[in-house]
Amino acid sequence: MWSISEVKERGKTVFKANYWKSVLVALVLSVCAGGAGAGASNSVKSEDLQNQFSELSPEQMMIILFAILGVIGVAVTIGELIKIFALNPLSIGCYGFFKDNNQSDGRADLNGLLDGFKKNYLHNVLTVFLKDLFLALWTCLFIIPGIIMAYAYRMVPYILRDNPELAPMEVIKKSKEMMKGNKWQAFVYDLSFIGWILLTIITCGIVGVFYLSPYKENADAQLYMTLSGQNNAVTSNPYDSDQNTTF
């Protein structure tokens with residue numbers, strides 16, 4: 001059984017050894033994962049809108065409604081296409097950077113960030129798309145199965161980069177096998193960052209950008225290497241006293 005505190009300590013060490021590059025790549029990865037959101041200011045008074053709509057016929061209101069829905073649909077579709085064909089391949093390079101950073105003791109460079117585009121592009125796109133699709137379907141069933149399967153699919157990007165010869169379903173299957181018996185401890189591991197998450201909220205995201213995200217991404221890559229046997233096994237008691245620290 002792997003040790004949460006040991007995984008975090010190793011991740012923190014390589015993060016600090018390659019601080020600014022880790023911050024930059026974690027920022028790129030957060031954009032890939034969440035996309036870019038935009039808010040619209042409410043510059044028009046609600047009374048004015050009510051007056052304008054009250055002058056429209058039902059037919060005109062339906063036309064406006066369908067036009068608005070059409071614009072929203074086009075925007076969502078474009079956003080999803082950008083995520084599938086651009087951001088997802090880019091994220092593979094980002095995950096690869098953090099794994100390389102662990103392997104090189106904090107000396108990874110940024111040359112591999114575009115590996116998801118240069119190597120097996122369509123294979124990468126299809127694999128991540130299927131992973132996201134299956135996760136969405138599980139989540140539609142109920143929130144708990146969705147959370148469980150999110151942990152089951154957690155290692156897909158790392159496996160995809162390390163094993164380009166595997167078919168998409170084989171990558172997903174390998175991730176599920178790797179996480180079998182490790183989901184709960186991985187959940188506890190995620191909870192151990194709760195203190196940093198609270199500080200991120202308090203500081204309006206500053207701590208997240210400059211510390212939490214790059215620190216955790218390096219630790220996550222270390223977790224993958226531990227579970228895949230690519231480093232010395234971390235076999236101390238998973239419920240040691242250090243694991244429950246929030247920082």
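Once you reduce the range 1-30 and the range 188-226 to the center of their Cα atoms, the two points are 9 Å from each other.
Each of Ile68, Ile82 has some number of other Cβ atoms within 10 Å of its Cβ, and from fewest to most they run Ile68, Ile82.
Counting beta carbons within 10 Å around each of Val25, Val76 and listing the fewest first gives the order Val76, Val25.
Ordered by the count of other Cβ atoms within 10 Å of each Cβ, fewest first, Tyr19, Tyr153 give Tyr19, Tyr153. Legend: residue pairs Lys131/Lys173; Lys8/Lys99; Lys83/Lys118; Lys12/Lys174; Lys21/Lys183; Lys8/Lys83, Cα-Cα distance threshold 19 Å; pairs beyond threshold, Lys12/Lys174; Lys21/Lys183; Lys8/Lys83.
Just so you know, all these numbers are worked out from the coordinates, no wet-lab data involved. Since we're looking at a predicted model, the values are computed, not measured. Glycine also receives a Cβ, built like all others from the backbone with ideal geometry; neighbour counts cover every protein chain displayed.
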